[in-house]
Amino acid sequence: MGDFLRVAIAVAAKDLRVERRSKTALVSAMAFAALVLMIFNFARDAAALSREMLGPSALWITFAFSGVIALNRSFALEREHGALDGLLLAPVSRGALFVGKYLANLTFVLTVEAVALPLFVLFFGVDLSGALGGIVVTAILATAGFVAVGTVFAAMTVRTRFAELMLPLLVLPFLLPPVIGGVQVTARLLAGRPMSEIMGWLRILALYDLVFVTLCLLLFPSLMDE
Amino acid sequence: MSSPRLSTPLAEPPLLAAAALTRRFGSARALAGVDLAVWPGECHLVAGPNGAGKSTLLRLLAGLARPSSGTVLLDGRPLAEQPFARRAVGLLSHQSHLYDDLTPAENLEFAARLYGLPDPAGAARAGLASAGLSDRADDAVRRLSRGMVQRVAIARALLHGPRVLLLDEPFTGLDPQSATRVAALLETQRAQGRGLVLVSHEVHESWKLATHAHLLVRGAWAVTGPKNGTLDEFLHRYREVLDG
Amino acid sequence: MTTESLAARRTAVQGLGVIGLGLAGLAAVYVLALDHTPVERFQGLPQKIFYVHVPAAWCALLAFSLVGIASALYLWLRDPRLDLFAESTAEAGLVFSVVMLTTGPLWGKPVWGTWWTWDARLTLTLMLFFLFLGYRALRGALQDPSERARFSAVVGLLGMVLVPFVHLSVYLFRTLHPQPIVLKPSSPSLPWEMLRTLLLSVGVYTVLLFGFVMTRYGLGRLDRAGGGDDAR
């Protein structure tokens with residue numbers, strides 16, 4: 001168990017260090033998030049659709065698409081000089097490699113979301129009082145799930161010619177439950193609805209996380225094993 | 001064609017052995033029943049045309065891929081039963097396995113952590129010193145020359161003290177000086193008792209190093225066994241097999 | 001001609017036979033639906049497309065489940081035939097989901113006044129369509145047969161697990177946002193004639209599905225036996 005964690009943390013730390021050096025993916029994802037939020041504001045018909053009504057959808061679409069952009073780079077850096085083989089050669093479990101990648105991706109996407117949320121508050125004039133905690137928890141729950149699936153798909157699509165196209169195509173259906181859940185909970189939290197309305201969605205998100213993180217952890221080795 | 005030494009009861013099993021190794025998918029076959037036995041101090045040259053299955057063989061020996069049938073044995077025990085025994089193996093390929101944005105020191109330290117070495121930073125420093133690159137320890141790999149990158153890659157492959165070295169086209173793209181340096185290093189490793197398997201479609205540079213010479217064609221040995229005869233004779237056989 | 005390609009050819013031909021049977025059955029169903037089944041009171045004639053729409057959705061879902069199961073089995077047993085079966089079934093499923101997605105709007109416009117509606121069935125089938133498409137695209141983008149089989153198996157399995165979650169999300173969404181119940185004919189309180197036609201149609205479509213899968217499987221086997229590694 002100790003070995004497993006050691007390897008996972010080493011891999012995650014390495015990924016984050018590489019990203020800190022180059023910063024390209026992080027900055028692009030953040031800029032993208034800001035851009036999407038801006039466009040949502042200008043694209044709506046102010047008379048028909050209030051900022052409160054559009055807000056949650058805009059936020060979660062931003063989260064989802066920035067997340068996909070962030071996930072693309074995850075295995076691209078392993079491809080460059082065959083670094084992935086270097087990882088697979090080592091006497092470490094494939095599951096530990098997955099957890100390392102997953103943690104790095106999760107950190108990355110949550111960082112982008114942490115930047116997007118204040119922008120959202122700013123652009124959409126949203127009153128977060130009382131809702132912030134709930135939104136943060138929901139964001140973490142939803143992100144934990146789709147990053148797991150995204151990590152697995154990123155590992156697959158990096159071997160294809162049009163990786164940047166294949167990854168969104170494959171992963172988008174899997175974003176439906178987290179994003180639908182996220183939007184529903186966020187909208188209700190902002191409207192001050194009672195917890196009872198929200199619990200159902202949170203349960204779905206939690207179940208999704210449990211099922212897909214486990215499944216992805218179990219399936220990742222078969223992707224790496226030839 | 002099994003190597004006779006594999007079937008003779010010996011006190012010590014070979015460092016690395018392959019028994020009837022096959023790799024296929026559906027009806028396509030990359031390897032069709034390959035045997036190999038590598039003892040300490042041996043260097044097995046595996047030559048062959050493109051698509052013969054050389055890289056596949058190496059990946060199977062390294063534990064990166066699973067054979068469809070047959071076994072890979074490390075110290076006489078099947079790799080499939082103890083997959084982590086692959087720590088006894090080091091792979092040096094024409095790709096460096098390094099991260100461009102990190103420094104050589106960081107790359108080696110990461111490798112040391114992966115292999116569970118007790119003092120990762122120290123091991124990294126030692127590796128860099130033996131590669132003669134201590135002064136470039138903190139430059140991103142991206143900024144190093146090809147020859148220097150190769151030296152870091154070698155240091156990475158040797159970091160955990162593997163007893164078997166697998167080499168996939170190690171001389172490709174190297175200038176003559178670097179190639180000579182790599183050859184000298186490999187010879188030292190061999191003399192120190194490591195077992196080497198060197199895959200190359202370019203035979204000339206590797207011939208001196210080799211103690212055994214094999215020719216792999218369409219997934220099976222066309223020539224196999226200790227090196228006997230000259231390079232010209234081997235090349236002659238090589239051409240014969242290709243034309244035939 | 002090797003025994004393998006002979007067997008493959010036989011499978012493909014048998015598959016064509018099954019398709020023929022299915023098509024004949026389909027003709028029978030249409031006759032039944034148009035002439036021998038009462039016209040629905042509220043929706044009129046366009047309602048008859050229901051006999052095409054619902055079975056196609058059912059077949060798409062069935063196909064997808066089969067892909068998921070075959071994928072899981074492949075990951076466990078690593079038998080290339082399971083991979084070929086999944087590939088064949090996914091193609092058939094893609095066809096059926098396209099049928100469903102095109103007939104949906106054709107039915108929707110005259111009946112509901114809109115081309116599209118986010119009812120549970122259409123939404124799910126749309127998602128299945130994207131999953132089938134992604135599955136095919138991934139297969140097309142991978143050259144190595146072992147890699148292609150493993151990767152698409154993972155997608156197939158994950159996709160199958162996804163379906164209940166999307167269904168649950170859409171269901172929860174709808175119970176909180178009640179939509180006008182327009183799909184009354186799909187409730188069990190169908191008059192016997194309609195139910196009979198519907199069930200028959202579902203049966204015929206299922207037969208067609210197996211026919212497509214068999215044919216495609218046979219052709220795929222032929223391809224692999226001949227070329228040693230199919231190009232897809």
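The values are calculated or read from the model by the stated rules, or taken from the named source; none is laboratory data. Computed from a predicted structure; not experimentally measured. Heads up, the Cβs are rebuilt from the backbone with ideal geometry, glycines too, and the neighbour counts pull from every protein chain shown.
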If I filter the stretch C:43-55 for residues that are surrounded by fewer than 18 Cβ atoms within 10 Å (Cβ to Cβ) and of a type in the set (D, E, K, R), do I get at least one hit? no
Given (1) farther than 29 Å from C:LEU23 by Cα; (2) modelled with pLDDT of 80 or more; (3) of a type outside the set (Gly, Ala, Ser), C:VAL202 misses just (1)
When the stretch A:89-114 is checked residue by residue, the ones that are of a type in the set (Val, Ile, Thr) and assigned to a helix (DSSP H, G or I) are A:VAL99, A:THR107, A:VAL109, A:THR111, A:VAL112
From the option list A:LEU5, A:LEU49, A:LEU16, A:LEU71, single residue qualifying as at pLDDT 85 or above, surrounded by fewer than 15 Cβ atoms within 10 Å (Cβ to Cβ) and not basic (Lys, Arg) is A:LEU5
Being without any contact (Cβ under 8 Å) to a residue 40 or more places away in the chain, at negative phi and over 15 Å from the mean Cα position of the chain (by Cα), is that true of even one residue in the stretch A:61-81? yes
Test B:ALA32 against the criterion of being surrounded by fewer than 19 Cβ atoms within 10 Å (Cβ to Cβ), over 25 Å from A:ARG6 (Cβ atoms) and either in contact with a Cys (Cβ under 6 Å, 6 or more places away or on another chain) or more than 13 Å from chain A (Cβ to nearest Cβ) (or both), and give yes or no. yes
For A:ASP209, the lone unmet condition from (1) in contact (Cβ under 8 Å) with a residue 60 or more places away in the chain; (2) over 17 Å from C:VAL161 (Cα atoms); (3) charged (D, E, K, R) is (2)
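Let me confirm something: among A:PRO221, A:PRO173, A:PRO178, A:PRO168, which residue is closer than 20 Å to C:ARG136 by Cβ and more than 8 Å from every other protein chain (Cβ to nearest Cβ)?
It is A:PRO168.
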Per the list (1) in contact with a Ser or Thr (Cβ under 8 Å, 6 or more places away or on another chain); (2) in a strand (DSSP E or B), residue check on B:LEU91 breaks on (1)
*B:ARG163: touching a helix residue (DSSP H, G or I) at 6+ places or on another chain (Cβ under 6 Å) and farther than 26 Å from B:ASP101 by Cα, yes or no?*
yes
Picked from the stretch B:95-134 (must be within 11 Å of chain A (Cβ to nearest Cβ) and in contact with a Phe, Trp or Tyr (Cβ under 9 Å, 6 or more places away or on another chain)), the residue surrounded by the most Cβ atoms within 10 Å (Cβ to Cβ) is B:ASN107
Residues of the stretch B:35-84 being aromatic (Phe, Trp, Tyr) and away from chain A (no Cβ under 14 Å), in sequence order, are B:TRP39
The one condition B:ARG23 fails out of (1) at the interface with chain A (Cβ under 10 Å from one of its Cβ atoms); (2) within 23 Å of A:GLU78 (Cα to Cα) is (2)
Reported set for the stretch A:172-221 where residues are crowded, with 17+ Cβ neighbours inside 10 Å and closer than 26 Å to A:LEU88 by Cβ is A:PHE174, A:PHE212, A:VAL213, A:LEU215, A:CYS216, A:LEU217, A:LEU219, A:PHE220
